[in-house]
Each structure stands twice: as structure tokens, then as C-alpha cells.
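Working notes, structure below.
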Amino acid sequence: MEIACYGKDRAQAWQLAEQCRQLVLGSVRTHVGGVLVDNARTDNPPAQVPYATTEDVRRVLGYYRLAWRRSSLKINE
């Protein structure tokens, strides 16, 4: 999956990108939306990419790969 993080400056965009990365990588062995996340990895680490519509916003993109299966556990969602 691609995750785009936007910030008013470089530091804010990178901080948000790191928080997202930690959440994705920490999702292993969790139940989300009726599936069990088996594996999570970074395909391409976060990198700053120009945002075409304005110079006032910074954008950092990261690409991640998840593997999951249907959960047999009954969870109230």
C-alpha cells in the first residue's frame, strides 16, 4: 500500500511518516476488519516527493506490503 503523509514543513511530514511506518510494521498479529495480519514490511522506505499543487506543503510517500488471512476469531467490531 502507498501511504502519503503531508505536513506544513519537512519535519512535520517526516514525523508523521515515521509514526505511520511504526503503526504499519507493528500491525503483525493483530485483527483488523475481520482479518489477521500475518506480515508487514516496508517495500520502499519513506521519501520526500514534490507536491505539484503547492510549494507550501511537504509530502512524504512510503510503500508497504501486508499479508493477511481471514480470521477465525469472533471479535465484536
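Structure notes:
- Accessible-area ranking of Ser72, Ser27, largest first, probe 1.4 Å: Ser72, Ser27
- Taking Cα centre as origin and charging only the Cβ of basic (Lys, Arg, +1) and acidic (Asp, Glu, -1) residues, the dipole magnitude of region 1-68 rounds to 140 debye.
- For the chain, accessible area per residue (1.4 Å probe, heavy atoms of protein chains only), Å²: 74 Å²
- Entry note, the chain: relative contact order of 38 percent, from Cα contacts under 8 Å with a spacing of 6+ residues.
- Here Rg and Dmax of the Cα atoms in Å was computed from the coordinates, and among (i) 15.1, 48; (ii) 11.2, 31; (iii) 12.7, 40 the match is (i).
The values are calculated or read from the model by the stated rules, or taken from the named source; none is laboratory data. Remember, it's a predicted structure, so these values are computed and weren't measured experimentally. Cβ: placed from backbone, ideal geometry, glycine included. Neighbour counts: every protein chain shown. Calculation scope for accessible area: heavy atoms of the full protein, side chains included, ligands and nucleic acids excluded. Shrake-Rupley method; radii C 1.70, N 1.55, O 1.52, S 1.80 Å.
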